[in-house]
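Only one structure is covered here, and it is reproduced in the block below.
The values are calculated or read from the model by the stated rules, or taken from the named source; none is laboratory data. Only a predicted model underlies this, so the values are computations on that prediction, with no experimental measurement involved. Note: ideal-geometry Cβ built from the backbone for every residue, glycine included; neighbour counts use all protein chains shown. Accessible surface is based on the protein model in full, side chains and every heavy atom, while ligands, DNA and RNA are left aside. Shrake-Rupley method; radii C 1.70, N 1.55, O 1.52, S 1.80 Å.
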Amino acid sequence: MDPRSQKRVIADELRRARQRTDDLLAPLSHEQLMSQVSPLQSPLVWDLAHIGHFEELWLLREIGAQEPFRAEHDDVYDAFAHVRSERGELPILAPEPARAYVADVRRRVVDLLDEVQLDGQPLLEDGFVFGIVLQHELQHVETMTQTLQLGALPGPARGAPPEASATGDLLVAEGPFALGATAAEPWAYDNERPQHIVSLPAFRIDRGLVTNAEYESFVRAGGYRDRSLWSDEGRAWLDDERLDAPLFWERDGDRWLRRRFDVLEPLPPREPVQHVSWFEADAYARAAGKRLPTEVEWEKAARTAGGELEHLQGAVWQWTASRFDGYPGFTAFPYAEYSEVFFGDAYRVLRGGAWITDPLVARISFRNWDYPQRRQIFSGIRCAADA
Ligand SMILES: [Fe+2]
């Protein structure tokens, strides 16, 4: 793409991302924006100013060599300096100053985009650093949506995944394929690279996602009480938490309701189940005589038979059996704190993207990760099996 149209794309995407942020937060009061609704999440106004701070750091300061707006922001809005549960206690900006700050940063960024040359150094090549800033904002839109869900606050207009209808599974033949981001995806993250050839034995993967109705059958059949269905870690988690259904499900006599943001409604049977932990996904798959796909299987199915899989993207994140780690030859870029510090046994990988995930982020190669007990994320299940 020539540099002028590349800049136009970036400017349009910056506007679109900001619109999503503004639309999400517009219905909320001062108190709702300031409150810490859960130890798992930041106050919404922290996310907002942090979006601006990240943009200031990477674009105005790193690329534009500008002076910091306010030195104390570097501590308050550094995601690694304070855990989420403490952010409500920090001297964070109130909604009005936070909005003014992010708007001020954005005005300067638009000027910078005009002046800067999109090549000559790895950060600027193909507008990479702008791509990172954009995806960061859009990923926070999703994080803030989790906060809205946890806090029973008003959610976005299209506030649920699309219904599922596919049945049956698909055989993916054995053989090699290219795993990871292609050269045509310059804004892919470091953990999606380098692309490399992987060979897999044949496997089967479900065409559709597990629906609420299917998951409800698992619940009714005693899935949470049958300890043989759960991994050791999953059993320990279940004993601690004493759960009998996905997060946000509520029993109402003989039926289940689910809370979607600030609305309590009958469980929609054909929607993909969401807000399940990895432990629940793993147990469900075992009960169905199947297993979770590895993330490599998921990507191979997506790349070689994606057209035959329903809601591959844009419905719910799909838990995989895989732990989060770097691909062979991984190099951290532009900073280790995006993904490298999370490599290891603690996290499981999710693939695909949810209804709230922006298409700019949800590449086939995109890797999401979280703790196996987390359920506030928009996570669901696609099962696989050995061939
Ligand atoms: Fe962030």
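Taking the residues in segment 26-55 that are of a type in the set (A, V, I, L, M) and either in a helix (DSSP H, G or I) or within 13 Å of the ligand (Cβ to nearest atom) (or both) as candidates, determine which candidate is farthest from the chain's Cα centre (by Cα). I'd like the intermediate steps shown before the answer.
So the first thing to find is which residues in segment 26-55 are of a type in the set (A, V, I, L, M), and the list is 26, 28, 33-34, 37, 40, 44-45, 48-49, 51.
This time we only want the ones that are either in a helix (DSSP H, G or I) or within 13 Å of the ligand (Cβ to nearest atom) (or both), so: 33-34, 44-45, 48-49, 51.
Values: 33: 21, 34: 23, 44: 17, 45: 19, 48: 17, 49: 20, 51: 16 Å.
Going through the qualifying residues, I end up with 34.
The residues on offer are 309, 264, 257, and the sole one that is surrounded by 18 or more Cβ atoms within 10 Å (Cβ to Cβ) and not charged (D, E, K, R) is 309.
Among the residues in segment 65-87, are any at positive phi and of a type in the set (A, V, I, L, M)? Reasoning before the result, please.
Pass one, segment 65-87, residues at positive phi: 65.
Right, trim to of a type in the set (A, V, I, L, M) and you get 65.
Checked segment 65-87: at least one residue is at positive phi and of a type in the set (A, V, I, L, M).
Name the single residue, out of those in segment 89-129 being outside any loop (DSSP other than H, G, I, E, B) and on the phi > 0 side of the Ramachandran plot, that is most open to solvent (accessible area, probe 1.4 Å). Here the residue is 126.
Kindly establish whether residue 140 is within 13 Å of the ligand (Cβ to nearest atom), surrounded by 21 or more Cβ atoms within 10 Å (Cβ to Cβ) and in a helix (DSSP H, G or I). The answer is yes for residue 140. Cβ-Cβ distances below 9 Å connect the following pairs, each with a first residue in segment 135-147 that is farther than 19 Å from residue 9 by Cα, a second residue that is within 11 Å of the ligand (Cβ to nearest atom) and of a type in the set (D, E, K, R), and a separation of six or more residues or different chains: 140/47; 141/47; 143/47; 144/47; 147/47. A Cβ distance below 7 Å, combined with a sequence gap of six or more or placement on separate chains, defines the contacts here; from segment 70-82, residues that are at pLDDT 90 or above and in a loop (DSSP other than H, G, I, E, B) reach residues that are within 14 Å of the ligand (Cβ to nearest atom) and open to solvent by less than 50 Å² (accessible area, probe 1.4 Å) in the pairs 77/49; 77/50; 77/53.
Considering every residue within segment 164-171, establish whether at least one is under 14 Å from residue 356 (Cα atoms) and either within 20 Å of the chain's Cα centre (by Cα) or not basic (Lys, Arg) (or both). No; the residues of segment 164-171 include none that is under 14 Å from residue 356 (Cα atoms) and either within 20 Å of the chain's Cα centre (by Cα) or not basic (Lys, Arg) (or both). The set of residues in segment 146-182 that are farther than 30 Å from residue 35 by Cβ and aliphatic (A, V, I, L, M) comprises 164, 166, 170, 171, 172, 173, 178, 179, 181.
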